[in-house]
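The values are calculated or read from the model by the stated rules, or taken from the named source; none is laboratory data. The structure presented is a predicted model; accordingly, all values stated were derived computationally and were not measured. Here the Cβ positions follow ideal geometry from the backbone for every residue, glycine too, while neighbour counts run over all protein chains shown. In case anyone asks, the SASA skips ligands and DNA or RNA and just uses the protein heavy atoms, side chains included. Shrake-Rupley method; radii C 1.70, N 1.55, O 1.52, S 1.80 Å.
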Amino acid sequence: MTGPTGHRGWRARLTAWRVPLSILVLCLLPWVLPSQALAVNVLIYGLLAVGYNLLFGYTGMLSFGHAAFFGAGAYAAGLGIGQLGLPWYAAIPFGMLVGGALAFAVGLLSIRTRGIYFSMVTLALAQLVYYAALQSSSITGGENGLRGFTVARIELFGWSVDFLDPVKKYYVLMVFAAVALWLVSRVLASPFGAVIEAIRENETRARACGYDVERTKVMAFTLSGLVCALAGTLFALHLAIVPLDTLSIQTSGMIVMMTLLGGAGSFFGPFVGALAFLLMEDVVALWTPHWQIVVGTVFILFVLFLPKGIWGTLIAWRAGR
């Protein structure tokens, strides 16, 4: 089938099946990538980029401070397990609650600005969180990061799972990622999802249509922060430490790069971007310690010649056939 009707039908089928297809691909990652550790990193950072994509790709708001929510979720989960004695399954919602509350507060303050001013405000507030963690060394561990918590074995529906096994760990974490993907898909398919895309396309017109743009932005910002905080909790469970770098500006920049490499505004693009970024990091780092220069150059070329990213370009190419 060709023509506009065929294109719409193909896109509709892809949208309807995007969650099961994404989960199927994620299930295969540990068996097709060079290592299971890389698969776990792709899963976590891909979920992090999914959360960021909800704000940037679908709402059109460029934030430079999303590492704050990733790190807040990670620190809260680690503190919950190590100091509050929470079980691992309670530490995850606790970390999401802390990261979501921080995202709500940052969103309330930052949406008062637009464009590059919005980006700078998010960056400044994220740096405040970074330095607060750095100075609170008695709680967060300061430069050494948060340590002292380990999840070696988990009890799941009567089953005891060795969490130190990378493959078993991957599939346990993937359950949470799959639920998050389903929820994000539901949000995007809802009237709220249509409103945030309307704000991305023309904020003035969306306001003229009667939508509460400011409240919608805060809600989108908070939802984005919740998903990023979930990725942070999974990161803490994975490493059993929380480095201070999880809150750094470099992490915020990496999130932006992963999203753009995969394709901002596409559902599965963030995972493709995370895979591309982490593979380049692993391969180029074997050749030179200055791998950031190579990855940065590739990123610039993508922005100039493939602005839709890897996955976004493939979708556009398929739709145009």
| Just one of PHE176, PHE157, PHE163 is more than 24 Å from the chain's Cα centre (by Cα) and among the aromatic types (Phe, Trp, Tyr); which is it? | PHE157
| What number of residues within segment 307-321 are of a type in the set (D, E, K, R) and either open to solvent by less than 60 Å² (accessible area, probe 1.4 Å) or over 26 Å from LEU14 (Cα atoms) (or both)? | 0
| task | Specify which of the listed residues (TYR171, TYR131) is exposed (fewer than 12 other Cβ atoms within 10 Å of the Cβ), aromatic (Phe, Trp, Tyr) and either in a helix (DSSP H, G or I) or modelled with pLDDT of 95 or more (or both). | result | TYR131
| said: For the structure I just gave you, tell me whether ALA37 is open to solvent by less than 60 Å² (accessible area, probe 1.4 Å) and not basic (Lys, Arg). | reply: yes
| query | Given the structure, is VAL106 at negative phi and open to solvent by 40 Å² or more (accessible area, probe 1.4 Å)? | reply | no
| Count of segment 196-226 residues which are open to solvent by 20 Å² or more (accessible area, probe 1.4 Å) and either in a helix (DSSP H, G or I) or not hydrophobic (A, V, I, L, M, F, W, C) (or both) | 19
| request: Return yes when ALA180 is in a helix (DSSP H, G or I), closer than 30 Å to SER22 by Cα, of a type in the set (A, V, I, L, M) and open to solvent by less than 20 Å² (accessible area, probe 1.4 Å) and no when it is not. | output: yes
| task | Answer yes if at least one residue in segment 137-150 is at pLDDT below 90 and either part of a helix (DSSP H, G or I) or open to solvent by 50 Å² or more (accessible area, probe 1.4 Å) (or both), and no otherwise. | result | yes
| Out of all the residues in segment 55-79, which are in a helix (DSSP H, G or I), open to solvent by 10 Å² or more (accessible area, probe 1.4 Å) and closer than 21 Å to GLU203 by Cα? | PHE56
